[in-house]
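Written below as structure tokens is the structure these notes are about.
The values are calculated or read from the model by the stated rules, or taken from the named source; none is laboratory data. None of these values were measured; they are calculated from a predicted model. Cβ atoms come from the backbone with ideal geometry, glycine included; neighbour counts cover every protein chain shown.
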Amino acid sequence: MVHRQKQKKRDAGFTKQKITNFGRLDMDYIQNTIIPLLQQYGSYSAIIAFLAAFGETLLGLGWLLPGSTILLVMGLLAGQGYLNISTVLIFGILGAWIGDSVNYSLGKKYGMQLLRKRQFHISESLIQRAHDFLEKYGAKSVFLSRFLPGLKESVPFIAGSVQMDRKKFFIWNLLGAIGWSFEFIGIGYIFSSSLALAQTWVNRSIVILAVIVITIITLWLLKRFLTYNIPIALAVLKGAKRGFLKSKPVENFSKKHPKFIHFLQQR
């Protein structure tokens, strides 16, 4: 009995290790297995791109299926002429969009209790982080979370659970799916001569995109602040000016020195 329990633990550990290694997909595995398979089954590139994006995005599968890596490699093969770039992009976008749409629908129907189930491997701290992110950025968080590890599946689910407007979700989800697909497929296509270089630029692109997004949000907030506060500040200054000119000391000074006041008014 004890021997069987130990054997089960070893089997579970082995399975978990296989899943972890598969999720990471080291360079040798990509070059020796993934690339030859994609070259061999290139005629099914539309289905593969769709399933890779869908599986990477869908709640509960993203940690297991390395869809982003597969899309990166498909972009690389498209750059080398093995696959059609338009087909890969279109079906990659479609898969990513539908994947998060399913997450949204699940959240709307079942609520947060489903997200907390053990099989989804989502910690309470990550759920709270996603919830805070959604509260802070509203509907825009559906787009922004696409590029943040751990949030791209949970934010759309939470958006559904809090009953976010479906039209708003549709728009930001589509924009996010387009941006995310272009990030991996586009970089693979541009740097098709080197897989290592493409992977390096994927990591850099996340940082660059984060800087761009933060800059845009900062400028938008600054514009909103100035648009709202400058008219108020000008009105306060005008009121202060009128109050100052109508004060008794100023009126007395104006009566005593009319030429000086006239001189100031001409400036």
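Miscellaneous remarks
- Only one of Ile70, Ile93, Ile122 that is crowded, with 19+ Cβ neighbours inside 10 Å, part of a helix (DSSP H, G or I) and more than 17 Å from the chain's Cα centre (by Cα): Ile70
- Condition check for Ile47: in contact with a Phe, Trp or Tyr (Cβ under 8 Å, 6 or more places away or on another chain), part of a helix (DSSP H, G or I) and either of a type in the set (Gly, Ala, Ser) or at pLDDT 85 or above (or both): yes
- Candidates Leu114, Leu151 - the one that is assigned to a loop (DSSP other than H, G, I, E, B) and aliphatic (A, V, I, L, M): Leu151
- Among the residues of the stretch 73-84, those that are over 23 Å from the mean Cα position of the chain (by Cα) and touching a residue at least 12 places away in the same chain (Cβ under 8 Å) comprise Leu77, Ala78, Gly79, Gln80, Tyr82, Leu83, Asn84.
- Residue satisfying all of: in the stretch 172-192; of a type in the set (Gly, Ala, Ser) and in a helix (DSSP H, G or I); surrounded by the fewest Cβ atoms within 10 Å (Cβ to Cβ) among these: Gly179
- Filter result for Ala139 (on the phi < 0 side of the Ramachandran plot and surrounded by 24 or more Cβ atoms within 10 Å (Cβ to Cβ)): no
- Flag for Phe143 being touching a Leu at 6+ places or on another chain (Cβ under 8 Å) and without any contact (Cβ under 8 Å) to a residue 24 or more places away in the chain: no
- Breaking point among (1) in contact with a Leu (Cβ under 8 Å, 6 or more places away or on another chain); (2) free of Cβ contacts under 8 Å to residues at least 60 places away in the same chain; (3) within 28 Å of Ile158 (Cα to Cα), for Phe91: (1)
- Selection count, the stretch 32-65, where residues are closer than 23 Å to Phe191 by Cβ and within 17 Å of the chain's Cα centre (by Cα): 2
- Restricting the stretch 1-44 to residues that are among the small types (Gly, Ala, Ser) and exposed (fewer than 13 other Cβ atoms within 10 Å of the Cβ), the residue that is modelled with the highest pLDDT: Ser43
- Every listed requirement among (1) modelled with pLDDT of 85 or more; (2) closer than 30 Å to Leu38 by Cα; (3) surrounded by fewer than 24 Cβ atoms within 10 Å (Cβ to Cβ) is met by Gly99 save one, (3).
- First in the stretch 154-171 and assigned to a loop (DSSP other than H, G, I, E, B), second anywhere and not β-branched (Val, Ile, Thr), Cβ under 7 Å, 6 or more apart: Gln163/Lys108; Met164/Ala139
- Condition met for Ala130 (closer than 30 Å to Gln39 by Cα, small (Gly, Ala, Ser) and outside any loop (DSSP other than H, G, I, E, B)): no
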